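Data block below; observations after.
The values are calculated or read from the model by the stated rules, or taken from the named source; none is laboratory data. Just so it is clear, the model here is predicted, and its values are computed rather than measured. Positions of Cβ are backbone-derived with ideal geometry, glycine not excepted, and every protein chain shown enters the neighbour counts.
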Amino acid sequence: MEQKNRANSALTDFALFFCGIKRVMEKLWYMKIKTDGKKPCVYVYGL
């Protein structure tokens, strides 16, 4: 039981970590597109 909880918390930590990375990458990508000016802002995420 305890082992399952530990695995669950590890999975949750990973999910939070991944979501954080994803959001940062999206912001950078969004800024890159905005500064490029060549392409329209196609990538507008839930910021």
**OP:** Return yes when LYS22 is at pLDDT 85 or above and either in a helix (DSSP H, G or I) or surrounded by 10 or more Cβ atoms within 10 Å (Cβ to Cβ) (or both) and no when it is not.
**Re:** yes
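Residue-by-condition table, conditions (1) part of a loop (DSSP other than H, G, I, E, B); (2) touching a strand residue (DSSP E or B) at 6+ places or on another chain (Cβ under 8 Å); (3) among the small types (Gly, Ala, Ser); (4) modelled with pLDDT under 60:
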residue	(1), (2), (3), (4)
LYS4	no, no, no, no
ALA7	no, no, yes, no
LEU11	no, no, no, no
PHE14	no, no, no, no
TYR30	no, no, no, no
VAL42	yes, no, no, yes
LEU47	yes, no, no, yes
